[in-house]
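The values are calculated or read from the model by the stated rules, or taken from the named source; none is laboratory data. Quantities reported herein were computed from a predicted structural model and do not represent experimental measurements. Don't worry about glycine lacking a Cβ; one is built from the backbone with ideal geometry, like all the others, and counts go over all protein chains shown. In case anyone asks, the SASA skips ligands and DNA or RNA and just uses the protein heavy atoms, side chains included. Shrake-Rupley method; radii C 1.70, N 1.55, O 1.52, S 1.80 Å.
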Amino acid sequence: MIVCICKGASERDVRSAVERGANCLAKLERGGIGGDCYGCENALRDLMIEVAREDACSTCCATGEDALATA
């Protein structure tokens, strides 16, 4: 299923990115998922939490600690 229409990212793409360490929206965006219209933000966050069992956005995005991670 396509989750991010703007970037053409599927649920499989999102799961793969999260499994490789993209545990916040900023990391997904740098990896080419989300960030255009933000219409998929809730779905991306739900998938992150499901796969990574965490929502790191509240910590890493707020402090800029995600700068070295890649999706």
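Can you tell me which residues in the range 1-45 are out of contact with any Leu (no Cβ under 6 Å at 6 or more places or on another chain), part of a loop (DSSP other than H, G, I, E, B) and small (Gly, Ala, Ser)?
Listed by number, the residues that qualify are Gly8, Gly21, Gly31, Gly32, Gly35, Gly39.
Is one or more of the residues making up the range 23-37 modelled with pLDDT under 80 and open to solvent by less than 90 Å² (accessible area, probe 1.4 Å)? Before the answer, list the steps.
Looking only at the range 23-37, we keep the residues that are modelled with pLDDT under 80, and these are none.
No, the conditions are met nowhere in the range 23-37.
Could you grab me the full set of residues in the range 1-34 that are of a type in the set (Lys, Arg) and in contact (Cβ under 8 Å) with a residue 40 or more places away in the chain?
Correct list: Arg20, Lys27, Arg30.
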